[in-house]
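Input: a single structure, listed below in structure tokens.
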Amino acid sequence: MKSMSPLEELRHSSAHVLATAVLRLFPDAQLDIGPPTESGFYYDFDLDHKFTGEDLEAIEAEMKKVIKENQRFERFETSREEAVKIIKEMGQERYKLGRLDDIPEGDAISFYRNGEFTDLCAGTHVNYTKKIKAYKLLSVAGAYHRGDEKNKQLQRIYGTAFPTKDELQAYLNALEEAKKRDHRKVGKDLKLFHIDEAVGQGLVLWKPNGAIIRQELQTFISEELRKQGYHQVFTPHIGKLDLFRTSGHFPYYQDSQYPPIVDREFLSELAHEGCSCTELSNKMSEGEIEGYMLKPMNCPFHIKIFDSEPRSYRDLPFRLAEFGTVYRWEQSGELNGMTRVRGFTQDDAHLFCTQEQLADEVQGCLHLVKVVFATLGMEDYRVRVGLRDPDSSKFTGDPENWDLAEDACRKAAKSLDVPFTEEPGEAAFYGPKIDFVIKDVLGREWQLGTVQIDYVLPERFDLSYVGADNKPHRPVMVHRAPFGSIERFCGVLIEHFAGSFPIWLAPEQIRILPISEKVADYAEEVYETVKAAGLRVTLDQHDEKLGAKIRRAEMEKVPLMLVLGEKEAEARLVNVRSRVGKSLEGTKTVEDFLSDTQERIQARSLPEAT
């Protein structure tokens, strides 16, 4: 029996109380599973009736009654045959018998009973329902049975529970703040991006404002790449299937990739011959059919650039970088704004080096990630070291090379002086990796930058360089992406800053607010001067009172406002105001304002500096 933490027990018990309440109100509901989660609990139900907000209120009220009854959680074990009988007597065979089959032969089969409710469950739980003092049902969402979209979609009720009401309220307050910061809402309000069903789910359209943020981030990282001696490259969006067969991405990851593109005439011939879709797929997997595929990653293309001409040890390390757009077939239920998409651009790079150079190259990659996080004020992070699972067939390559790569990752992670964990089974199929997990201002964790060491792909593509001994040697390959996905990174940034971006990233940096028509000429003059200095500026010419103009600029998260009245026009000054409603340093000349602002932009100051 697996032991749970006290908080997990509390939440697991809350899930059982939820199921108890649902069956009291909706006796026809079929139950699947109800585990604790990192932030609460859920239970999956199969029911013709669609749960509403009013239903959640009624269920929560019924949960309160169950808790007040102070039901005891009792565990009992049975034989497999007896378990089948109990499940059928409960009328819950639709999903519970399948869950029973998941239990390996020889393992204990246990149930938990509280009041009239009995559930197939390994536990553990609190002793009595009255231990549950602070809980809340949050939402209902669709969830495919076993996470497979081929199966029926169930209704998942989410909830949370905490030891005290104060902790619950703090969590609910954080949820409300998260709703305000939701990148989908803020992105729409600030006109940053758009996802259109006519284009396709998970495919982001960057609007002009969002494009500015993306371009600024790319410029920022490109400057750092030049400092480290990277070569910028560009590669196609599609490539031959054989390229991905060699790399191992096809057919082993076929389910997460867009379908291959096959010659039309050849397809017609196969169809005429009565070739089924299954046969066609098998022929592709076995290499009998040639075709093309939207690239799921950039590494095979960079490998071909490295291999396009002879390389010497004097050429190494050889560093290639690309803002490369890749495509993955994520299930529709997993898509989420910009943070989970089907087409995304990686700030991707691949480094080819000698074994002796590997440690320094990994350190250089880690330094780059640290620079990115420090510049954006995201310095609260931890590190995960993804290692192979020796018992899994997913991981390919020489075990000795894996040992070398994993040792290099461990040493690199230790050098960062931040918390890190080792996670077996989480490596890429070709090598171990270091993932950076940042914590945003709300305390939520996001996996962003990654560095991976790879001995496998150089072997698969038979890469070599001529060493000092005039003999061929195999290079080591390092994959790295500080942002990870630019779409995901921007989504996280939107929520981290709540749309109040640092001035260097803000789509609109300055807005000029003339108080009246009397200063229209001066406002136009200031506008042209600021614009000529290369800053992103607009002039608010609405016929409104100053207060309305200021409120609009604050709502649209413009970092700086220049308020111009008759006094400013006469003295040829500007009154500088921040988006948080504070006047900054009173009035100053346009030249001084430009000098100060450009200094902040060049330093890539954080919002607090404005």
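For every residue, the table says whether it meets (1) of a type outside the set (K, R); (2) without any contact (Cβ under 8 Å) to a residue 24 or more places away in the chain; (3) under 24 Å from T396 (Cβ atoms).
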site: L416; (1), (2), (3): yes, no, no
site: A427; (1), (2), (3): yes, no, yes
site: G443; (1), (2), (3): yes, no, no
site: Q447; (1), (2), (3): yes, no, yes
site: V456; (1), (2), (3): yes, no, yes
site: S464; (1), (2), (3): yes, no, yes
site: K471; (1), (2), (3): no, yes, no
site: A481; (1), (2), (3): yes, no, yes
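Scan the stretch 15-50 for residues that are out of contact with any helix residue (DSSP H, G or I) (no Cβ under 8 Å at 6 or more places or on another chain) and assigned to a helix (DSSP H, G or I) and jot them down.
Passing the criteria: A15, H16, A19, L23.
All but one of (1) part of a strand (DSSP E or B); (2) under 30 Å from E330 (Cβ atoms) hold for K180, so report the exception by its number.
Just one mismatch for K180, condition (1).
Quick grid of which residues meet (1) surrounded by fewer than 21 Cβ atoms within 10 Å (Cβ to Cβ); (2) within 14 Å of V476 (Cα to Cα):
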site	(1), (2)
G343	yes, no
C353	no, yes
D398	yes, yes
P424	yes, no
G431	no, yes
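Checking the structure you have, find out if any residue of the stretch 518-526 is of a type in the set (S, T, Y) and either more than 42 Å from the chain's Cα centre (by Cα) or in the same structural domain as I221 (by TED's automatic domain parsing) (or both).
Yes, because at least one residue in the stretch 518-526 is of a type in the set (S, T, Y) and either more than 42 Å from the chain's Cα centre (by Cα) or in the same structural domain as I221 (by TED's automatic domain parsing) (or both).
What's the number of the condition G324 fails, among (1) crowded, with 18+ Cβ neighbours inside 10 Å; (2) at pLDDT below 90; (3) in contact with a strand residue (DSSP E or B) (Cβ under 7 Å, 6 or more places away or on another chain)?
(2)
Report whether or not R11 is of a type in the set (K, R), under 32 Å from the mean Cα position of the chain (by Cα), surrounded by 15 or more Cβ atoms within 10 Å (Cβ to Cβ) and modelled with pLDDT of 95 or more.
Here the answer is yes, as R11 does meet what is asked.
May I ask you to list the residues in the stretch 334-389 that are basic (K, R), under 21 Å from the mean Cα position of the chain (by Cα) and not in a strand (DSSP E or B)?
Residues satisfying the conditions are R342, K370.
Tell me yes or no: at least one residue of the stretch 233-250 is touching a strand residue (DSSP E or B) at 6+ places or on another chain (Cβ under 7 Å), at pLDDT below 95 and assigned to a loop (DSSP other than H, G, I, E, B).
Yes, because at least one residue in the stretch 233-250 is touching a strand residue (DSSP E or B) at 6+ places or on another chain (Cβ under 7 Å), at pLDDT below 95 and assigned to a loop (DSSP other than H, G, I, E, B).
Would you point out the residue of the stretch 19-57, among those that are over 30 Å from the mean Cα position of the chain (by Cα) and of a type in the set (S, T, N, Q), that is nearest to F117 (Cα to Cα)?
T20
List the number of the failed condition for S392; all other conditions in (1) within 17 Å of R480 (Cβ to Cβ); (2) loosely packed, with under 14 Cβ neighbours inside 10 Å hold.
Tallying (1) within 17 Å of R480 (Cβ to Cβ); (2) loosely packed, with under 14 Cβ neighbours inside 10 Å, S392 fails exactly one: (1).
Would the stretch 188-207 turn up any residue that is within 26 Å of W504 (Cα to Cα) and in a helix (DSSP H, G or I)?
Yes.
Quick check on the stretch 208-229: of everything there that is in contact (Cβ under 8 Å) with a residue 40 or more places away in the chain and exposed (fewer than 13 other Cβ atoms within 10 Å of the Cβ), which residue is farthest from A506 (Cα to Cα)?
In this case the residue turns out to be G229.
For the stretch 145-170, which positions are crowded, with 17+ Cβ neighbours inside 10 Å and over 21 Å from A21 (Cα atoms)?
H145
List the residue pairs whose Cβ atoms are under 8 Å apart, where the first residue sits in the stretch 2-16 and is aliphatic (A, V, I, L, M), the second is assigned to a helix (DSSP H, G or I), and the two are 6 or more positions apart or on different chains.
Within 8 Å, the pairs are M4/H12; L10/K131.
Which one of D28, D44 is surrounded by fewer than 18 Cβ atoms within 10 Å (Cβ to Cβ), out of contact with any Ser or Thr (no Cβ under 7 Å at 6 or more places or on another chain) and more than 16 Å from A161 (Cβ to Cβ)?
Step by step, each of D28, D44 is checked, and only D28 is surrounded by fewer than 18 Cβ atoms within 10 Å (Cβ to Cβ), out of contact with any Ser or Thr (no Cβ under 7 Å at 6 or more places or on another chain) and more than 16 Å from A161 (Cβ to Cβ).
Does the stretch 86-102 contain at least one residue that is surrounded by fewer than 16 Cβ atoms within 10 Å (Cβ to Cβ) and at positive phi?
yes
Just checking, which of A83, A61, A15, A19 is within 30 Å of A174 (Cβ to Cβ), of a type in the set (A, V, I, L, M) and touching a Leu at 6+ places or on another chain (Cβ under 8 Å)?
Being within 30 Å of A174 (Cβ to Cβ), of a type in the set (A, V, I, L, M) and touching a Leu at 6+ places or on another chain (Cβ under 8 Å) holds for just one of A83, A61, A15, A19, which is A19.
Does S485 fit the bill of being assigned by TED's automatic domain parsing to the domain that holds R328 and among the hydroxyl-bearing types (S, T, Y)?
Judged against the criteria, S485 is a match.
Is it the case, given these coordinates, that F301 is of a type in the set (F, W, Y), assigned to a helix (DSSP H, G or I), buried (at least 19 other Cβ atoms within 10 Å of the Cβ) and touching a residue at least 12 places away in the same chain (Cβ under 8 Å)?
Spelling it out, F301 is indeed of a type in the set (F, W, Y), assigned to a helix (DSSP H, G or I), buried (at least 19 other Cβ atoms within 10 Å of the Cβ) and touching a residue at least 12 places away in the same chain (Cβ under 8 Å).
Can you tell me which of V204, V140, V199 is β-branched (V, I, T) and surrounded by fewer than 18 Cβ atoms within 10 Å (Cβ to Cβ)?
One residue alone meets the criteria, V199.
If a residue has to be farther than 16 Å from L463 by Cα and assigned to a loop (DSSP other than H, G, I, E, B) to count, how many in the stretch 304-333 make the cut?
So the answer is 4.
Scan the stretch 63-101 residue by residue and report those that are in a helix (DSSP H, G or I), within 38 Å of the chain's Cα centre (by Cα) and under 25 Å from G147 (Cβ atoms).
E93, R94, Y95, K96, L97, G98, R99, L100, D101
So if I check each of A143, A211, which one is under 20 Å from V341 (Cα atoms) and assigned to a helix (DSSP H, G or I)?
Testing whether each residue is under 20 Å from V341 (Cα atoms) and assigned to a helix (DSSP H, G or I) leaves just A211.
Would you be able to tell me the number of residues in the stretch 458-514 that are of a type in the set (A, V, I, L, M, F, W, C) and closer than 25 Å to L404 by Cα?
The qualifying residues number 8.
Yes/no matrix, rows are residues, columns are (1) closer than 30 Å to I494 by Cα; (2) in contact with a strand residue (DSSP E or B) (Cβ under 7 Å, 6 or more places away or on another chain):
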residue	(1), (2)
R328	yes, no
E334	yes, yes
G337	yes, no
T345	yes, yes
V362	yes, yes
D380	yes, yes
K414	no, no
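Would you list the strands (runs of 3 or more DSSP E) that sit entirely within the stretch 470-587 and hold 2 or more residues that are in contact with an Asp or Glu (Cβ under 6 Å, 6 or more places away or on another chain) and either of a type in the set (K, R) or within 30 Å of R314 (Cβ to Cβ) (or both)?
476-481
The values are calculated or read from the model by the stated rules, or taken from the named source; none is laboratory data. This one's a predicted model, so the numbers in the text were calculated from it and none came from an experiment. Don't worry about glycine lacking a Cβ; one is built from the backbone with ideal geometry, like all the others, and counts go over all protein chains shown.
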